[in-house]
Amino acid sequence: MRRVFGVKKDKEPPPSVQDASDRINKRGDTVEEKISKLDAELAKYKEQIKRTRPGPAQEAVKARAMRILKQKRMYEGQRDMLYNQTYNLDQVSFAAEGIKDAQQTMSALKTANKELKGMMKTVKIQDIDNLQDEMMDLMDVSNEIQESLGRSYSVPDDIDEEELMGELDALEADMGMETEGDGVPSYLQPDKESDLDAELNLPSAPTGHAPGGRTNAQTEDELGLPAVPHASLRG
């Protein structure tokens, strides 16, 4: 049977956009090389035209240069056409790559959606609210414990705050009266020496001349004490 009908050949896969673009780029490179060769020939004929005199020889050179120029224009048209095809293939390739990226993005989103749904089944909003309420209750109990431990044993609970404020205002008024004199409270002023004479109201020592022209001068001994009269010592 195989000899009669033959064996079915496997079809080659169709060329991809990248394969077609590479093929066209190679053709474009070949055409570009031909254009470069024609440019070199045109430059040579241009020099020949400058060196030859007007006449049949110059006309022959011009005819060759004209033929080369026509070929160059034809190749340039082919090159432009190949460049347009390459541009179109690049646009198609860019669009195809964009679609592939979109497909991958959609696949990743679907996978993430399934994972999130599975995780949401294990997490309930009611459980979170209950946990928050329990934490708030625990914090309140902790604050009450701290306040209870921080109470002072020496301060009574029945203290009138208005009475304390009145005493504080009176203290501030007293301090203001003390500082009216020189701006310094009395308890910060230096101590003054008391005048004993003024406190005892003692009379001052007599001064001046004694009657009869006598002076009431009293001699002192070598120790600075009042000298004793000799008459009193004899008597």
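The values are calculated or read from the model by the stated rules, or taken from the named source; none is laboratory data. For clarity, every value in this text was computed on a predicted model and none was experimentally measured. Ideal geometry is used to build each Cβ from the backbone, glycine not excepted, and the neighbour counts take in all protein chains shown. These accessible areas exclude ligands, DNA and RNA; they are computed on the full protein's heavy atoms, side chains included. Shrake-Rupley method; radii C 1.70, N 1.55, O 1.52, S 1.80 Å.
Residue 90 sits among other residues whose Cβ lies under 13 Å from its own Cβ, and their net charge, with Lys and Arg +1 and Asp and Glu -1, is -2.
Positive contributions from Lys and Arg (+1) and negative ones from Asp and Glu (-1), summed over other residues with Cβ under 11 Å from the Cβ of residue 79, come out at -1. Extension gain for residue 151 to residue 70 (0.36 nm times residue separation, less C-alpha to C-alpha distance): 18.2 nm. Across the range 54-96, the residues whose backbone nitrogen lies under 19 Å from the label position 7 Å along the beta-carbon direction of residue 29 are 76, 78-87, 89-90.
For each pair in 44/72; 34/70; 50/70, compute the distance between the two Cα atoms and list the pairs where it is over 19 Å. Pairs exceeding 19 Å: 50/70.
Remark: accessible surface ordering of 17, 61, 123 (largest first) is 123, 17, 61, probe radius 1.4 Å. Modelled label positions at residue 110 and residue 129, each set 7 Å beyond Cα in the direction of Cβ, lie 3.6 nm from each other. Directionally averaged projected area (the range 1-108, Cα convex hull): 14.1 nm². Applying 1/(1 + (r/R0)^6) with R0 = 45 Å to the Cβ-Cβ distance of residue 97 and residue 47 gives a FRET efficiency near 0.35.
When a/c is below 1.5 the answer is rounded, else prolate if a/b is larger than b/c, else oblate, so apply that to the range 72-125 with a ≥ b ≥ c taken from the square roots of the Cα gyration tensor eigenvalues. Prolate is the answer for the range 72-125, as a/c is 1.5 or above and a/b outweighs b/c.
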